[in-house]
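A.B. asks: Before I ask anything, let me first share the structure, which is written out below as structure tokens.
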Amino acid sequence: MKIPAIKKWRAIRDIPRLARQPVTVFSGYHRELGDNFHFSVSKLRRTHMTTDADVVQHVLQRNHRNYEKSEIQADQMALYLGRGLLTNNGSSWLRQRRLIQPGFHRQRLAALVKEMNAVIQQRCDFLDGKLAREEPVDLYSFTQQAAFQIISRAIFTDSFDEAETQRLNQLMDDIQGYMIYPIRMPFLRKPLRWLGQERKHLALSQQVRDQLLEIINQRRESGTVKDDLLQMLIESRYEDDGSPMTDEQLIDEIIILFAAGYETSANALSWIFYLLTQHPEVLDKVRQEIETVKRKGPIDFDSVRELKYLTQVIEESMRLYPPAWITDRVALADDAVKDMKIEQGTVVGIFIYGVHHSERYYESPEEFRPDRMSPEAKKDRHPFAFLPFGGGPRLCIGNHFAMLEMQLLLSSVLDRYDFTLVSGQEQPGLRPIITLHMDRRVRIRINHRLKSQSVDA
Ligand code: HEM
């Protein structure tokens, strides 16, 4: 079957728009050409874009051995973030995944609930301070700090004080904010190098590595044993020869856990809070559920599972605004799926946002309807029509971690506070960087739920 293609002159003409609004441009191409089309600006990066859940399942799961991450993740991102799980490929990836996977089993996460709740309490104290000072809250900065502190404490328990956490957060933000330029506009790579930008950001990466090595050494020298991810990574041994990870690899994996684990959750949480301001009837239902579960005792690792409607709200929000809005794979050998050839070297662009917004899988896909994430509704849906965490063997290793932190944070904050958007703000649009941000700062005003004290911006 011949796959429709975007003409080369058109692709080149659209580069500036693609650099600014790739989600809008790719969505438009898909509307015009269907679920599968070819797109290439140069012969070097021939791309098969897809929103077809069958093709996605084939590439990520059924024939995953024929595909690996493209140079975007395996080279460009790895340059700054190192070669951890997310940026690794082939047998080295498999060896690392086997080593690290047990640390993320759902049951292991129970030990991290205490750390997550400590951060959530601090964040609520922060909201109380804002309320007392009658100040509005910047939504993304609130969720971003919560997610960064949670992943930081999950890895290092209490090894970092607040200033060190903030410093690391700033360094990671600077590195990730910069990385998008050479990735999205490869023609800028050389000028950025000449302007010293590459060197400057590589030096920032080195600072992160130095800071992490210091903490790792402190942990080793102290002889204390903690119930956190660092301990798990230090103690883990390869199945084949019983050896531990090298320091270099250990640092790579920690940086990747940070990089993959805070912006994603922070964006998901921001969109969830925003959607709840727009859907008071959904918020009411979520609160009723939280109150019912809390009547039996504080929400913990076990009772969090009873928050079924809240989980549907989280999932439906991630359908509309998937934090990882795209991913890719490269074909290692010629392949075919549904009469479509995928030649060796072709990049398959898995447009997760497009799958989630496809009328083929969702009725009125632009509408926020948490009921479509009920177990009954899911039964009739293609298993790869909802993939906020990816799929197949490279499914997000932090998926349970992310769901748990979001459930815990939302159940605390929604139960304690009322919140509305500061008036006069425009609706946020999409800002797809590496993850899917809002295109503007959204401010909310909060009230204590039980008191009628009001804070206006
Ligand atoms: C809402 C939050 C999150 C979302 C939406 C998300 C999404 C994803 C997606 C889509 C992938 C697969 C990428 C691909 O196949 O190319 C992935 C992989 C990964 N994620 Fe997450 N993630 C989230 C949170 C986390 C957290 C909290 C952690 C760490 C604690 C984490 C660590 C990772 C790692 C290490 C990988 C690479 C796995 C591998 O290739 O073996 N993620 N994530």
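The values are calculated or read from the model by the stated rules, or taken from the named source; none is laboratory data. Here the structure is a predicted model, which is why all the values come from computation and not from measurement. Neighbour counts are summed over all protein chains in view; Cβ atoms, including those assigned to glycine, are modelled from backbone coordinates with ideal geometry. What goes into the accessible areas is simple: the full protein's heavy atoms, side chains included, and nothing from ligands, DNA or RNA. Shrake-Rupley method; radii C 1.70, N 1.55, O 1.52, S 1.80 Å.
A.B. asks: Say the cut-off is 21 Å between C-alpha atoms; which of Lys226/Lys296; Lys7/Lys341; Lys114/Lys294 go over it?
C.D. replies: Values: Lys226/Lys296 30 Å; Lys7/Lys341 19 Å; Lys114/Lys294 17 Å.
Long pairs (Cα-Cα over 21 Å): Lys226/Lys296.
A.B. asks: Give the longest segment of the chain that steers clear of GluC sites (Glu not before Pro) in DSSP loops with at most 12 neighbouring Cβ atoms within 10 Å, not counting the sites themselves.
C.D. replies: Excluding the exposed sites themselves, the longest stretch runs over 1-133.
A.B. asks: For the chain, which whole-number percentage of the solvent-accessible area (1.4 Å probe, protein heavy atoms only) is attributable to carbon and sulfur atoms?
C.D. replies: Values: 10600 of 20920 Å².
It is 51 percent, rounded to a whole number.
A.B. asks: Now a separate question. Using θ = phi - 60° and the Karplus relation 6.51 cos²θ - 1.76 cosθ + 1.60, list the HN-Hα couplings for the stretch 307-314 in order, rounded to whole Hz, with x at every Gly or Pro.
C.D. replies: 7, 6, 5, 4, 4, 5, 5, 4
A.B. asks: Based on DSSP H runs of at least 4 residues, each adding -39500 (n - 2.57), what is the mean residue ellipticity at 222 nm of the chain after dividing by all its residues, to the nearest 500 deg cm²/dmol?
C.D. replies: Values: 19 runs with 231 residues, N = 457.
Result for the chain: -15500 deg cm²/dmol, rounded to the nearest 500.
A.B. asks: How many Å² of accessible area per residue for the chain, probe 1.4 Å? Before the final figure, lay out the partial values.
C.D. replies: Working: 20920 Å² over 457 residues.
So the chain comes to 46 Å² accessible per residue, rounded to a whole number.
A.B. asks: Mind checking the log10 I(q)/I(0) for the stretch 366-420 at q = 0.28, 0.29 Å⁻¹? Debye, one equal scatterer per Cα, no solvent, two decimals.
C.D. replies: One equal scatterer on each Cα of the stretch 366-420 leads to -1.12, -1.12.
A.B. asks: What value does the stretch 194-313 have for Rg/Rh, both radii from Cα atoms and Rh as Kirkwood defines it?
C.D. replies: Values: Rg = 21.2 Å, Rh = 18.6 Å.
Result: Rg/Rh = 1.14.
A.B. asks: Show me, for the stretch 213-221, the HN-Hα J-couplings you get by feeding each phi into the Karplus relation (A = 6.51, B = -1.76, C = 1.60, θ = phi - 60°), rounded to Hz, glycine and proline as x.
C.D. replies: For the stretch 213-221, the Karplus curve yields 4, 4, 5, 4, 5, 4, 4, 4, 5 Hz.
A.B. asks: Counting only C-alpha contacts under 8 Å and six or more residues apart, can you give the relative contact order of the chain as a whole percent? Don't skip to the end; give the middle numbers.
C.D. replies: Numbers: 606 pairs, mean separation 111.6, N = 457.
Rounded, it is 24 percent for the chain.
A.B. asks: Can you put Thr264, Thr51 in order of accessible area, largest first, using a 1.4 Å probe? Intermediate values should be presented prior to the final figure.
C.D. replies: Values: Thr264 40, Thr51 5 Å².
Result, largest first: Thr264, Thr51.
A.B. asks: On alpha-carbon atoms, Rg over Rh for the stretch 338-390 using Kirkwood Rh? Intermediate values should be presented prior to the final figure.
C.D. replies: Details: Rg = 13.7 Å, Rh = 13.0 Å.
Across the stretch 338-390, the Cα-based Rg/Rh ratio is 1.06.
A.B. asks: Check the straight Cα-Cα distances from Lys338 and name the lysines below 19 Å, setting aside those fewer than 8 residues away within the same chain.
C.D. replies: Answer for Lys338, where 19 Å is the Cα cut-off: Lys2, listed by chain and number.
A.B. asks: If you take the Cα atoms of the chain, find Rg, then find the Kirkwood Rh from the mean of 1/r over all pairs, what is Rg/Rh? Walk me through the numbers on the way to the answer.
C.D. replies: Numbers: Rg = 22.2 Å, Rh = 23.3 Å.
Expressed as Rg/Rh, it is 0.95.
A.B. asks: What translational D, rounded to a whole number of µm²/s, comes out for the stretch 223-278 from Stokes-Einstein when the hydrodynamic radius is the Kirkwood one over Cα pairs, at 4 °C and 1.567 mPa s? Intermediate values should be presented prior to the final figure.
C.D. replies: Working: Rh = 13.9 Å.
Estimated via Stokes-Einstein, D reaches 93 µm²/s.
A.B. asks: Working with all protein chains in place, sort Ser412, Ser265 by solvent-accessible area computed with a 1.4 Å probe, largest first. Provide the component values of the computation, followed by the final result.
C.D. replies: Numbers: Ser412 30, Ser265 5 Å².
Sorted by accessible area, descending: Ser412, Ser265.
A.B. asks: Accessible surface of Lys226 in the full protein assembly, 1.4 angstrom probe, to the nearest 10 Å²?
C.D. replies: Lys226 exposes around 60 Å² with every protein chain in place.
A.B. asks: Starting from the eigenvalues of the Cα gyration tensor, five times each then square-rooted, give me the equivalent ellipsoid semi-axes of the stretch 315-457, largest first, whole Å. Before the final figure, lay out each step's value.
C.D. replies: Working: eigenvalues 264, 61, 46 Å².
Three semi-axes, in Å: 36, 17, 15.
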